[in-house]
1. Among what's in the range 50-94 and is modelled with pLDDT of 70 or more and either of a type in the set (Val, Ile, Thr) or in contact with a strand residue (DSSP E or B) (Cβ under 6 Å, 6 or more places away or on another chain) (or both), pick the residue that is most open to solvent (accessible area, probe 1.4 Å).
2. Can you pull out the residues in the range 6-28 that are over 9 Å from the mean Cα position of the chain (by Cα) and under 17 Å from residue 75 (Cβ atoms)?
3. So is residue 20 modelled with pLDDT of 70 or more, open to solvent by 70 Å² or more (accessible area, probe 1.4 Å) and of a type in the set (Phe, Trp, Tyr) or not?
4. Using beta carbons and a limit of 7 Å, which pairs, at least six apart or on different chains, have the first residue in the range 35-62 and without any contact (Cβ under 8 Å) to a residue 60 or more places away in the chain and the second one outside any helix (DSSP H, G or I) and not hydroxyl-bearing (Ser, Thr, Tyr)?
5. Let me spell it out: the conditions are (1) surrounded by 12 or more Cβ atoms within 10 Å (Cβ to Cβ); (2) farther than 24 Å from residue 9 by Cα; (3) in contact (Cβ under 8 Å) with a residue 24 or more places away in the chain, and residue 28 meets all of them except one. Which number is the exception?
Amino acid sequence: MAKAESINGNANLLIEIAGFLHEGRPDAELTTMAREPRTPEDVAKQVARFAGFADDQYLDAVALFAALSTRLRTTGSDFVKIDDDTAQRFLDNVLRYGQYVAPEAR
């Protein structure tokens, strides 16, 4: 059975992963070694293209972990709300339809 604490804990882990990824972001300066005149023009263009692609993928990964965390946290909140609503309906039904039976009459 799912527990709200577990759901929220996992949401916290996902946002921590996003934070760690963001802190360890790729260093754009690493590609400076592959620029002209140190490397041929076509190599420099391909390195720049790859660096742009890698940065885009990196940003997508960080955003994905953050979005998954937010969605999981929302799900956890909804889970607690549904759980509370279910418990409330149960108690309402007990009060509405239940009847007292003395222990000796059972």
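The values are calculated or read from the model by the stated rules, or taken from the named source; none is laboratory data. Note that the structure is a prediction, hence the values are computed from the model and not measured. Positions of Cβ are generated from backbone atoms using ideal geometry, with glycine treated the same way; all protein chains shown enter the neighbour counts. Areas reflect the complete protein model, heavy atoms only, side chains present, ligands, DNA and RNA absent. Shrake-Rupley method; radii C 1.70, N 1.55, O 1.52, S 1.80 Å.
1. 70
2. Across the range 6-28, the qualifying residues are 6, 7, 8, 9.
3. yes
4. As it stands, the answer is 44/35; 44/36; 54/26; 55/26; 58/25; 58/26, since those pairs meet every condition given.
5. Checking residue 28 against (1) surrounded by 12 or more Cβ atoms within 10 Å (Cβ to Cβ); (2) farther than 24 Å from residue 9 by Cα; (3) in contact (Cβ under 8 Å) with a residue 24 or more places away in the chain, the one that fails is (1).
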